[in-house]
Amino acid sequence: MEGKQEWHLTPRVLVIDDEAVVCESIRRVLGDEGYEVTTTCVPRDGVELLRNQNFDLLLLDIKMPGLSGMEVLSEARSCSPDTEVVIVTGYAAIETAIDAIRQGAFDYLQKPVGPDQLLITVARALERRHLLDLTQRLHSELESRHRIGQLVCSSPKMQRVMQLVAKAAPTNSTILISGATGTGKDCIAKAIHYNSPRKDNPFIVADCSALNESLLESELFGHVRGAFTSAIRDRQGLVEAARGGTLFLDEIATISPRIQSALLRLLQDREIRPVGADTYVSVDVRLIAATNKDLAELVERGEFREDLFYRMGVFTVTLPPLRERIEELPLLAHHFVEKYSQEFGKQVKGIRPRALSALEVHEWPGNVRELENVIERAVLLTDTEFIDVDALPSILGEHSALETEDIPADARSLAARKKELRSEAVERLEKLFVIKALQQAHWNVTEAARDVDMQRTNFHALMRKYAISVPRVGDSPPENGSPTES
């Protein structure tokens, strides 16, 4: 059999046992639960089935005439490596079953096998099979079109970002990257540099928010001996250190007017003057700047030079927050699982669906950086193959809480909790519905109501219900593109 097996909508199970009554019993129990079951009492026939068909699970007897279960297991590992194997054995062969687990079997069942025990073990084995298949698919996607260096980008919005990056990278244009904290602006800057003709030259990072004006000026442009008390020798700045390469200015909105003026000179004339020097120094460097603030708004308030803003914004790349590209969260999460599993020397392979659901409904105010921190913590806390909800922080909300401590104690509590959850879900959906409509209509309530085919009075009623308001004329746009809540 060639090629990778696929996960079937109806799981396919193969039973190999030399006792016909055992085969029939298992076929009846699993068949009643909707599984597609194939049985054989001849081990060699079972091996041929494995070679020519796809099975999600193999239930395998250990002691059989002609070909032992261990020999069949070896063949199965070779010709059908993705098929999960559960050993079915008598008490006398327990040690052999344990040895089979060491060689790749998932678990073992001891004869006589009860229906409940059989169904639970089969469900667990198939869940692992499904998780491994999902993990492999995500890994393949990461290694192909969805990954550029350390960037993961599968959503339409991020694909458009990468199209801009691909156009901008080969040029020498100054680039401004905007986006909320944690969206990956530094990764975009690196992607631009390492896909440019300057890739073999330095990529230097300057955090403009980390130093006061005097220290930042010296850090960026260097100084000459005697420029200030502690300047006992000439010192090269980061601009000169990036000569021939790229200087990445993070948090550009925080720089003072004096440094803004010096950066404008650098962009216009390609020269700088070290602190205390009498002459200018020519430099060849490409500038990439990043900000989590609206520079146009700062220009209007007189806090950022207009001419520098236009020089910086020759080519602008805007990164969407994680909540607006939530469809790529599984890929991002898997990327971080791989990264930290390798870093910590652990064997964590993926994330269970209920844990992934908890991740997908979170708002992610800290964006990709917050997700990375959550996955790093989860990998540290996980001692099994897959991350579960108990490894996630409680801030991720209802999904993890329901898995542990919010399970109702009786039928009346269950009915009340279900009603409460339905109400909470509806309220959250209504609130997001109103916010999205207002965003798309640029905060025009009449236009938003018309676009969603709703009477303006009813739309206003929903806004009042959730205390959602839009900016008044003359106010600045809502932060992060969301309406304000009064």
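We did not get these values from a lab; they are worked out from the coordinates using the rules stated. Remember, predicted model here, so these are calculated numbers, not experimental data. Every residue, glycine among them, receives a Cβ derived from its backbone with ideal geometry; neighbour counts consider all protein chains shown.
Please order H193, H460, H442 by the number of other Cβ within 10 Å, starting at the fewest.
In order of increasing Cβ crowding within 10 Å: H442, H460, H193.
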**Message:** I'd like the trypsin sites (Lys or Arg not before Pro) in region 15-96 restricted to DSSP loop residues with at most 15 other Cβ atoms within 10 Å, sorted by number.
**Reply:** K63
**Message:** I need the trypsin sites (Lys or Arg not before Pro) found in region 248-335, filtered to DSSP loop residues with at most 14 other beta carbons within 10 Å of theirs.
**Reply:** R270, R301
**Item:** FRET efficiency for L381 and S256, using Cβ-Cβ distance with R0 set to 51 Å, rounded to 0.05
**Value:** 0.70
**Prompt:** Using the 10 angstrom Cβ neighbour count as an exposure proxy, how do D56, D388, D250 rank, fewest first?
**Reply:** D388, D250, D56
**Message:** Just to be sure I understand the model, the point goes 7 Å from the Cα along the line to the Cβ. What's the resulting E363 to L432 distance in nm?
**Reply:** 1.2
**Prompt:** In whole percent, what relative contact order does region 62-109 give with Cα contacts below 8 Å and a gap of six or more residues?
**Reply:** 40
**Message:** If N is the number of residues in region 12-142, what value comes out of its Cα radius of gyration divided by 2.2 N^0.38 Å?
**Reply:** 1.00
**Item:** Cα centroid separation, region 312-371 to region 196-230 (Å)
**Value:** 32
**Above-threshold pairs, the threshold being 24 Å between Cα atoms, out of K157/K190; K190/K339; K167/K339; K63/K349; K339/K436** = K167/K339; K63/K349; K339/K436
**Prompt:** Which FRET efficiency value, to the nearest 0.05, is calculated for R270 and R160 with the Förster distance at 35 angstrom and r the Cβ-Cβ distance?
**Reply:** 0.65
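Mind sorting R428, R233 by how few other Cβ atoms lie within 10 Å of their own Cβ, fewest first?
Final ranking by Cβ density, sparse to dense: R233, R428.
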